[in-house]
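Asks: Mind looking over this structure? Questions follow.
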Amino acid sequence: MKKYQQLRASVHLPFSFAVGATASRFYRALRDEKTIYGTRCDNCQRVSVPARSFCSHCCKTIDHHQTGQWIALPEYGTLIGWCETPNKDGFFTALIQLEGADNLLLHRVGQCDAVLLHKGLHLRAAWKASAAGTITDIVCFKPERRA
Amino acid sequence: MKARPVAIVGTGQTRHRKARPDVHQGEMVQEAVNLALLDADLSWDDIDAIVLTNMELFEGRALPDLWCSEFAGGLGKPVMKVATGGTSGTSGAIAGLLQAASGLFDTVLVVGWEKHSEGSTQTGMSLTDPAWDRHIAAGAIGNFALSISQYVAERGVTGEQAAMVAVKARRNGALNPNAHVKDAGITVEKVLASPMLAEPVHLLDMCPQSDGAAALIVVGGDKTRRYKNPAWFRGSATRHDQPYIGDHDKRMVMMRTLRSAAQEVYRKVGIGDPFKEIDIAEIYEPVSYAELAWYEALGFCAEGDAGKLIESGATQIGGDLPVNPSGGVLCSNPVGATGVIRVAEAARQLHLKAGDYQVDGARRALVSGYGVYTWSDVLFFSAERP
Amino acid sequence: MVYRAVRACLDDASLTMPEIEAVVTASADLWDGKTASNIAITEAVGAVMKAETRISGDGLLALMHGAMMILSGHYQRVLVVAHGKCSEADVDAVSNWCFDPVYQQTLGVTDSQALSLQCQAIKMRAAEMTGEESIGALVRAPSWSDSCGLTVRQGDGACAVVIEAGDDGIVLEGFGYDLDAHYLGDRDLSRCDGLARAAKRAYEMAGLPDSQTDINRHYWSLRAALQLPPWAEAIGACSFIEGLATLPNERHQIQWSGLPPFAAGMQRLIAGVKDLRESPGSDRSLIHGCHGPAGQMQAVCLLHSDGGPC
Amino acid sequence: MQENNSEYLFSSITMDLSWNTDVGETMAGFFQRLKAERRLYGTRCSNCLRVYLPPRPVCGNCWQQMNDWVELGEQGTIVGKTVCYYEILDSMTGKPRTTPFVLGLIQIDGADTTLNHFVETPDPDHVSIGDRVETVLRDTLQGNVGDIVHFQWLGPPTTSSQGSKK
């Protein structure tokens, strides 16, 4: 095969994305209270997790000041879907049903044997010791025995 | 095939600022869309299709429409993203206008945004041809200055004349609540005393980098009836050109893309003397000197007379042909939204909703878009139904 | 690469570049590693001193925009060009930048992970509906592995098409596109509501009933064969269970050997046009394109040939 | 839960991506010739006869493939110039360039297009449009664009330095 000249071009660009007032409040609660909040849309009553500023089904703003629309969700749930191959860090990207939420939380499962993973598996959040206000303040969700 | 008449009936803009830490990109988009819907007295359900526009690498996103469309009400709707560099906003507006004119959609939303504060635009800009340009990248300012040196040598415009453009822009911007940079007390001396960036361009000759979003609502068919002062779309033209800066003979002097696009639009809408027949222009001037060069390319004055035109005051609010009464790009520049803002400001003038910078008797408005690769868009709107 | 595709296209249409009024291109900056990726191809697509606009997304979207430009009455003949070069970029790493930086991106999610979640959701739905645990017992194509379904390779390529106003030959009689939810947990990945809406718009525009009786062939751009049963269900071609048992077949064609990102839909369109040209009588095909994680953006085109010369 | 508007959070992510870009046959041809002969080459359009530097496969004005290589001169003329005072990272070293530095639009003898590049001079204020410059290549050529280090300012044109401008 003919060899063609290639150039290696790289970018190393730092970005700092504003997460906005609603997600800021969500992450502060994650960091300071170890609580996962969802938000409820006034119109369709759907509870979405993580918290949203906007219900895209109803095209309705969810005011982040209105505490009534903020729903504290349990830190446990059940496994609905997962990637069969683990990430570089050994976790499996997963979709998790938290009780009281109408959608699934995208996070990761881990700290367990891959063969254990099955639909409906009970999971609980494993928290990072020093929280920083990001989604990875929850290291992962790990299987737990539940009555 | 005869074109179906379409008009812009609503516009919305965020307050353009240096940084907006209180909203993420999608929420900023939503702010502008909400204002546009309010302006057009429409609800989210009325929108049939959406065109988004911004620059992916400035934003640090890949296909940002996938995320941000939802905040424009795009879930379950036809959504496309247009991105053509600096002309993104005007190209997006043209795309939305043509989509409405196709008759497939009655109401099209166009929204552009940019959050410069989140990344590094100068570095993002230098991600050009890795085999050639990237090693010699000196940012946009250096390249502008090179072209300006040719323009100055050819036409003999002075630093004072360029500074007058900057003064006009910042004073107009002071009247516009959405403008990012505003300075009612600015003087030619202050512009000339600001730090030299790249000869002959001073800091105050340049546009800022802003966070902001802007939205337009385009309607066609029966939907236009309920509006009192729609901004009717009369025609547009687009020209792209060869990619390397050195491909163009004296590119700012010649500006063949803008010249040719303007001529096509003037021919389409039957304009013989642009200076007399246009009431207001919102043009894309990234640097003060560019506005002077664009005057010539757009036929607002004879070649070589741009300096005299700015000195005459004719392009100020209250003059014969006010150019950028909103303050223009020199006051607000969220790149992906900048072209949308030009169109929105022209439409607001025809809607008679421009507030403190309303131009009396504005009935015919010209818009131009510009990309660093000398790409040009020209659009024309009028208060008369075509 | 792009120049060659455009040259071949114009030769095929017996046109010269000055006869082209406007160009629409489709590409994505991060996949090309460039700011405004259409800059690099301005000369190749013949857009110097001409109207060009770029849609960032699958080429089928660019085609539809070109069609709307013509329908608007402002242009008569438009060249549409799509390109993608997978070999140059780490496409999976790039795809992480598609996910919102607020909640999803920091988890390191990529396109292939979204695909894997989607295939698993489809398998689980199949298992629930039939009571069969193993997907192998359910599906028709023996090549579908038990893990993820056979995945389609991504490659390099450029495609070009000229469209113009007219009623003769091969007519683009309907099209539709639609965007689904971005957050992966907001979507039922085992279905494709976006595709259903896109197809509905295309049928309406073509004046066809929602039924599939008139469509002879479907050209799919999929990342994994497992996407076919729910997606065929979404366009109304068959039920999910039927799809599992009968697809792919002669009427539903998958391109296995490699699809360039963003040129995939156009590649399928060109395959469809070629087949229509060779078919003797009246014939109708459906072309599918998509982009985004797990097919977030969906596009459908309907082509009709009256059997006459093209 | 307390609301504190002043505390907005950010998601800090660094884009670390790489691409293997195929430079294409034309650019590869340019670099090979540069390395072998220490000379710049352009491509010429057989239709409009315009000579392009950097070379490329297609003449955009004529939409025509270019196959003719043209040997270019070692000197050129400044047709546009600026003195830059703002700080920018040198992409070769990763360090800020010392300011002020001179940028020029340079028309190499024999080429119709111009290059934007750094002009090396003892006195930035004395560089004018029309002045002559000479190409400075790095000692050991590597076959990429970094081989062209900068252009050395020679001063106003004299009859002898006018070169082989056609």
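Asks: So which residues in the stretch D:58-84 are outside any strand (DSSP E or B), surrounded by 20 or more Cβ atoms within 10 Å (Cβ to Cβ) and not aliphatic (A, V, I, L, M), if there are any at all?
Replies: Matches in the stretch D:58-84: D:60, D:63.
Asks: I would also like to ask the following. Is it true that residue C:92 is assigned to a helix (DSSP H, G or I) and either of a type in the set (A, V, I, L, M) or farther than 30 Å from residue A:105 by Cβ (or both)?
Replies: No: the conditions fail for residue C:92.
Asks: Working carefully through the options C:232, C:271, C:299, C:202, find the one that is crowded, with 19+ Cβ neighbours inside 10 Å and farther than 21 Å from residue C:119 by Cα.
Replies: Among C:232, C:271, C:299, C:202, only C:202 is crowded, with 19+ Cβ neighbours inside 10 Å and farther than 21 Å from residue C:119 by Cα.
Asks: With respect to residue B:238, is the statement that it is among the β-branched types (Val, Ile, Thr), under 30 Å from residue B:48 (Cβ atoms) and either surrounded by fewer than 22 Cβ atoms within 10 Å (Cβ to Cβ) or without any contact (Cβ under 8 Å) to a residue 24 or more places away in the chain (or both) true?
Replies: In short, no.
Asks: Which condition does residue B:227 not pass, out of (1) surrounded by fewer than 24 Cβ atoms within 10 Å (Cβ to Cβ); (2) among the hydroxyl-bearing types (Ser, Thr, Tyr); (3) within 14 Å of another protein chain (Cβ to nearest Cβ), if it passes all the others?
Replies: In the conditions (1) surrounded by fewer than 24 Cβ atoms within 10 Å (Cβ to Cβ); (2) among the hydroxyl-bearing types (Ser, Thr, Tyr); (3) within 14 Å of another protein chain (Cβ to nearest Cβ), residue B:227 misses (3) alone.
Asks: Here is a follow-up. Could you grab me the full set of residues in the stretch B:146-182 that are within 18 Å of residue B:348 (Cβ to Cβ) and part of a helix (DSSP H, G or I)?
Replies: B:169, B:172, B:173
Asks: Within the stretch C:274-286, is even one residue within 19 Å of residue C:26 (Cα to Cα) and touching a strand residue (DSSP E or B) at 6+ places or on another chain (Cβ under 7 Å)?
Replies: no
Matching residues to (1) within 30 Å of residue D:7 (Cα to Cα); (2) modelled with pLDDT under 95:
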| position | (1), (2) |
| --- | --- |
| B:23 | yes, yes |
| B:33 | yes, no |
| B:47 | no, no |
| B:50 | no, no |
| B:55 | yes, yes |
| B:59 | yes, yes |
| B:62 | yes, yes |
| B:70 | yes, yes |
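Asks: For residues that are over 18 Å from residue A:5 (Cβ atoms), modelled with pLDDT of 90 or more and buried (at least 18 other Cβ atoms within 10 Å of the Cβ), tally how many sit in the stretch D:11-52.
Replies: Counting residues in the stretch D:11-52 that are over 18 Å from residue A:5 (Cβ atoms), modelled with pLDDT of 90 or more and buried (at least 18 other Cβ atoms within 10 Å of the Cβ) gives 6.
Asks: Is it the case that the stretch A:16-25 has a residue that's exposed (fewer than 14 other Cβ atoms within 10 Å of the Cβ) and either β-branched (Val, Ile, Thr) or without any contact (Cβ under 8 Å) to a residue 60 or more places away in the chain (or both)?
Replies: So far as the stretch A:16-25 goes, no, none of its residues is exposed (fewer than 14 other Cβ atoms within 10 Å of the Cβ) and either β-branched (Val, Ile, Thr) or without any contact (Cβ under 8 Å) to a residue 60 or more places away in the chain (or both).
Asks: Those residues that are in a helix (DSSP H, G or I) and at pLDDT below 95, I need them from the stretch B:94-118; list them, please.
Replies: Scanning the stretch B:94-118 gives B:116, B:117, B:118.
Asks: Within 27 Å of residue C:111 (Cα to Cα), among the aliphatic types (A, V, I, L, M) and assigned to a helix (DSSP H, G or I): which single residue out of A:23, A:29, A:101 fits that description?
Replies: Exactly one of A:23, A:29, A:101 is within 27 Å of residue C:111 (Cα to Cα), among the aliphatic types (A, V, I, L, M) and assigned to a helix (DSSP H, G or I), namely A:23.
Asks: Next question. What about residue D:64, is it among the polar types (S, T, N, Q) and more than 14 Å from chain C (Cβ to nearest Cβ)?
Replies: Answer is no for this residue.
Asks: Search the stretch A:61-104 for residues being among the acidic types (Asp, Glu) and away from chain C (no Cβ under 14 Å), and hand back the single one that is surrounded by the most Cβ atoms within 10 Å (Cβ to Cβ).
Replies: Among residues in the stretch A:61-104 that are among the acidic types (Asp, Glu) and away from chain C (no Cβ under 14 Å), the one surrounded by the most Cβ atoms within 10 Å (Cβ to Cβ) is A:75.
Asks: Oh, and also: Which residues, taken from the stretch C:60-89, are among the aliphatic types (A, V, I, L, M), in a helix (DSSP H, G or I) and more than 9 Å from chain B (Cβ to nearest Cβ)?
Replies: C:60, C:63
Asks: Select from the stretch A:28-60 the residues that are in contact (Cβ under 8 Å) with a residue 60 or more places away in the chain and more than 8 Å from every other protein chain (Cβ to nearest Cβ) and write down the one among them that is farthest from the chain's Cα centre (by Cα).
Replies: Checked the stretch A:28-60; the qualifying residue farthest from the chain's Cα centre (by Cα) is A:32.
Residues are listed down the side, and each one gets a yes or a no for (1) β-branched (Val, Ile, Thr); (2) buried (at least 24 other Cβ atoms within 10 Å of the Cβ); (3) facing another protein chain (nearest Cβ under 8 Å); (4) in contact with a Gly (Cβ under 9 Å, 6 or more places away or on another chain):
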| site | (1), (2), (3), (4) |
| --- | --- |
| B:40 | no, yes, no, yes |
| B:48 | no, no, no, no |
| B:60 | no, yes, yes, yes |
| B:63 | no, yes, yes, yes |
| B:69 | no, yes, yes, yes |
| B:74 | no, yes, yes, no |
| B:78 | no, yes, yes, yes |
| B:83 | no, yes, yes, yes |
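Asks: Also: Take the conditions under 25 Å from residue D:38 (Cβ atoms) and either part of a loop (DSSP other than H, G, I, E, B) or at pLDDT 90 or above (or both) and apply them to residue D:98. Does it pass?
Replies: Against the criterion (under 25 Å from residue D:38 (Cβ atoms) and either part of a loop (DSSP other than H, G, I, E, B) or at pLDDT 90 or above (or both)), residue D:98 does not qualify.
Asks: Would you call residue C:57 small (Gly, Ala, Ser), buried (at least 22 other Cβ atoms within 10 Å of the Cβ) and not in a helix (DSSP H, G or I)?
Replies: Spelling it out, residue C:57 is indeed small (Gly, Ala, Ser), buried (at least 22 other Cβ atoms within 10 Å of the Cβ) and not in a helix (DSSP H, G or I).
Asks: Suppose we filter the stretch B:328-385 for residues that are more than 17 Å from the chain's Cα centre (by Cα) and part of a loop (DSSP other than H, G, I, E, B); how many remain?
Replies: So the count comes out to 11.
Asks: Mind checking which residues of the stretch A:57-93 are closer than 14 Å to residue A:38 by Cα and hydrophobic (A, V, I, L, M, F, W, C)?
Replies: A:62, A:70, A:71, A:72, A:73
Asks: Look through B:169, B:198 and report the one residue that is buried (at least 24 other Cβ atoms within 10 Å of the Cβ) and away from every other protein chain (no Cβ under 14 Å).
Replies: Just one listed residue meets the conditions, B:169.
Asks: What number of residues within the stretch B:109-122 satisfy the criterion of being within 10 Å of chain C (Cβ to nearest Cβ) and either closer than 16 Å to residue B:32 by Cβ or of a type outside the set (Val, Ile, Thr) (or both)?
Replies: 1
Asks: Something else: Can you spot a residue in the stretch B:86-98 that is at positive phi and either within 20 Å of the chain's Cα centre (by Cα) or of a type in the set (Val, Ile, Thr) (or both)?
Replies: no
Asks: If you go through the stretch C:262-281 one residue at a time, do you hit one that is of a type in the set (Gly, Ala, Ser), at pLDDT 90 or above and in contact with a helix residue (DSSP H, G or I) (Cβ under 7 Å, 6 or more places away or on another chain)?
Replies: yes
The values are calculated or read from the model by the stated rules, or taken from the named source; none is laboratory data. This structure is a prediction, so every number in the text was calculated from the model and none was measured. All Cβ positions, glycine included, derive from the backbone under ideal geometry; neighbour counts span all protein chains shown.
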